[in-house]
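What follows is a single structure, written as structure tokens, with notes after it.
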Amino acid sequence: MLPIKSKSLVLKILFTSTNILYCLANIQGNVIFWTSAGTQKIKGTKKITSTAIEAILNQLFKKAKALGYSYLHIQLKGFNKNKKFILKFFKQTKLEILSISDQTSLPHNGCKIRKVKRI
């Protein structure tokens, strides 16, 4: 178990098929700030591009610094190719990442295949 710093936040990122939701919470789980690509007036498939993600992450970074936090726990959920981009972005910032966890649920066997119709 990693040490819990007093100035640490939990960043929860949920990747959906058409949007990405971001939530900053303290260690107790109380939400401090949340946003998504849709709330930033980004429409359509542009919501899941790397430029939109970078703009929103800059906003989250500024919010965390303004509140005086310097440590992050990152929790990712959902399937998207931009997960690595988000991690690279936070390595460049001055926020120290304490932990990264991926909570994506994996299929355990899938749906039952349809019965073949015999003629």
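Each value in this text was obtained by applying a stated rule to the coordinates, not by laboratory testing. All figures in this text were calculated on a predicted structure; none of them were measured in a lab. Note: ideal-geometry Cβ built from the backbone for every residue, glycine included; neighbour counts use all protein chains shown.
Check which residues have an amide H placed less than 5 Å from residue 34's amide H, if you skip close sequence neighbours.
Sorted by chain and number, the residues that satisfy this are 24.
How much of the DSSP bridge set in the chain is antiparallel, in percent, rounded to the nearest 5?
In the chain, DSSP labels about 50 percent of beta bridges as antiparallel.
Please report the net charge: other residues with Cβ closer than 12 Å to the Cβ of residue 32, K and R +1, D and E -1.
Value of the local net charge: +2.
Kindly write out, for the range 15-26 in residue order, the coupling ³J(HN,Hα) from the Karplus curve 6.51 cos²θ - 1.76 cosθ + 1.60 (θ = phi - 60°), rounded to whole Hz, with x marking Gly and Pro.
Per-residue couplings from phi come out as 8, 9, 5, 10, 8, 10, 9, 10, 9, 9, 9, 7 Hz.
Gain in length, residue 101 to residue 70, computed as 0.36 nm per residue apart minus the alpha-carbon separation, to one decimal in nm?
9.3 nm
With only Lys, Arg, Asp and Glu charged, each at its Cβ (+1 for the first two, -1 for the last two), find how big the charge dipole of the chain is about the Cα centre; round to the nearest 20 debye.
Computed charge dipole of the chain: roughly 680 debye.
Run the quick spin-label model on residue 92 and residue 119: label points 7 Å from Cα toward the beta carbon, then report their separation in nm to one decimal.
In this crude spin-label approximation the distance works out to 5.9 nm.
Report the dimensions of the chain along its three principal axes from the alpha-carbon atoms, largest first, rounded to Å.
Taking the Cα atoms of the chain, the three principal extents are 71, 38, 25 Å.
Cα axis of helix 50-67 to longest principal axis of the chain: angle in degrees, 0 to 90, nearest 10?
The two axes meet at around 40 degrees.
At what distance in nm do the modelled label points of residue 41 and residue 81 sit from each other, each positioned 7 Å from its Cα along Cα→Cβ?
Roughly 2.9 nm, to one decimal.
Counting alpha carbon pairs within less than 8 Å and at least 6 residues apart, what relative contact order, in whole percent, applies to the range 29-119?
This gives 25 percent for the range 29-119.
Taking the Cα atoms only, what angle lies between the long axis of helix 83-92 and the longest principal axis of the chain, rounded to 10 degrees?
Approximately 10 degrees, to the nearest ten.
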